[in-house]
Amino acid sequence: MRPTQSCFPATRLRRTRQSAAVRAMVRQNTLSVDDFIWPVFVRSGEGVEEPIASMPGVMRRSVDRIVDVAREAADLGIPAICIFPYTGLEERTEDCAGAWDPDNHANRAIRAIKAAVPELAIMTDVALDTYNINGHDGFVENGEIVNDRTVDALVKMALSQAEAGADIIGPSDMMDGRIGAIRSALEAQGHQNVMILSYAAKYASAFYGPFRDAVGASGALTGDKKTYQMDPGNSDEAMRLIERDLTEGADMVMVKPGLPYLDICRRVKDSFGAPTFAYQVSGEYAMIKAASENGWVDHDRVMMESLMAFKRAGCDGILTYFAPDAARLLAKG
Ligand code: PBG
């Protein structure tokens, strides 16, 4: 209930905006380094740091360099990183067997980071797109992205990540039934403490464009992902997906993309009260970078304002490529 409010001049709402001290005192939401999960890209090779043209400042790194980044994350106080593999066309197959190979780039990175920086939480990506010859998150049979056979593969992929030492499994594939299947397999194989952060409300979005360059999927992808990712016109369906994934054993849920879907973040937080994350995706990052490189907006201020928006919308945390930059700014105070 809104308390009654007297009118002007008894009430002057500018009174509580008059100084930095008072503004700080009445501020409802704050941003902290604890809010960040930093997505990073791992590729083959050694000593490799390869820039991604559509994501200025973001690199694909070989496993040895990813370990350096993990140490940097921990030194900055960032609680978690999220590992995405980059695969060239020659590493992709129709049977996607690379996805559950214990020695794929992502799993090697998990082992190396766990050995070097054990205090850092590691999140993974579960979906077939980075190993699939056609760039889809599931197996394709006669032009159809098939559900149940894909879920069996996702379970193998998730188990290989848990065995490598992942703390948080991140299914981003949007197949039906995968959270329940992954949760039962984790329980059965002695991984009771491995968490699942479900990409529960993931939209079929054009904002993923730069990411698909980053992981090598742009050239591979045939068609679109609209038969499994959500229609941007829907909101109630997001609630059904979140509820379903929580019921099947997700510990945390995600809305993706971020800024264009803050209404969904707010509904999710208000309806379920579960740990709620948003993914400020590659296209959102690229837009801010491009505008600031042109001198059209102030990079640091727009970055911090965009991150604060997630907190205001009810998110408990944000996956963001800005994590190290924002952490450094927050440390300066
Ligand atoms: C796919 C996946 C995507 C992203 C994370 N996992 C892209 C897609 O669904 O095509 C996008 C992340 C970003 O744009 O930053 N498994």
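Quick notes on this one:
- For the chain, the longest principal axis of the Cα atoms and the long axis of helix 236-248 meet at an angle of about 60 degrees.
- For segment 42-84: relative contact order, % (alpha-carbon pairs under 8 angstrom, 6 or more apart): 35 percent
- Per-residue [θ]222 nm for the chain (sum of -39500 (n - 2.57) over DSSP H runs n ≥ 4, rounded to 500): -11500 deg cm²/dmol
- q = 0.10, 0.20 Å⁻¹: log10 I(q)/I(0) that the Debye formula gives for segment 109-238, counting C-alpha atoms only: -0.34, -1.22
- Most mobile of Thr30, Thr93, Thr130 in a GNM of the chain (Cα contacts under 10 Å): Thr30
- Percentage, to the nearest whole number, of Cα pairs in segment 195-286 over 18 Å apart: 44 percent
- Multiplying the residue separation of Arg244 and Met308 by 0.36 nm and removing their Cα-Cα distance gives an extension gain of 20.2 nm.
- When restricted to Cα atoms, segment 1-122 yields an Rg and a Dmax of 23.1, 71 Å, respectively.
- Segment 62-125-segment 258-277 distance, computed between alpha-carbon centres (Å): 27 Å
- Potential lengthening between His299 and Asp270 on full extension [0.36 nm per residue; Cα-Cα distance subtracted]: 7.3 nm
- Counted residue by residue at 0.36 nm each, then reduced by the alpha carbon distance between them, the extension gain from Asp68 to Ser218 reaches 51.2 nm.
- Exceeding the 25 Å Cα-Cα cut-off - candidates Lys311/Lys332; Lys269/Lys289; Lys289/Lys311; Lys226/Lys256; Lys156/Lys311: Lys269/Lys289; Lys156/Lys311
- Pairwise alpha-carbon distances in segment 118-187 exceed 19 Å for 31% of all pairs.
- Taking segment 70-121 and dividing mean pair separation by its residue count, relative contact order in percent (alpha carbons under 8 Å, at least six apart): 54 percent
- Summed side-chain charge close to Asn234 - residues other than Asn234 whose Cβ falls under 13 Å, Lys, Arg +1, Asp, Glu -1: 0
- Farthest towards the positive end of the charge dipole of the chain, among the residues Leu128, Gly77, Ile182, is the Cα of Gly77, using unit charges on the Cβ of Lys, Arg, Asp and Glu.
- Highest GNM mean-square fluctuation among Leu120, Leu13, Leu186, for the chain modelled with Cα contacts below 10 Å: Leu13.
- Between Ala115 and Arg15, the FRET efficiency estimated from the beta carbon spacing at R0 = 56 angstrom works out to 0.50.
- 3J(HN,Hα) along segment 170-182, derived from phi through the Karplus expression 6.51 cos²θ - 1.76 cosθ + 1.60 where θ = phi - 60°, amounts to x, x, 10, 8, 6, 6, 6, x, 6, 5, x, 5, 5 Hz, with x in place of Gly and Pro.
- Cut-off 13 Å between beta-carbons: net charge of the residues surrounding Pro275, Lys and Arg +1, Asp and Glu -1: -4
Each value in this text was obtained by applying a stated rule to the coordinates, not by laboratory testing. What you see is a predicted model; the values in this text were computed from it and never measured. Note that we place each Cβ from the backbone using ideal geometry, even for glycine, and neighbour counts take in every protein chain shown.
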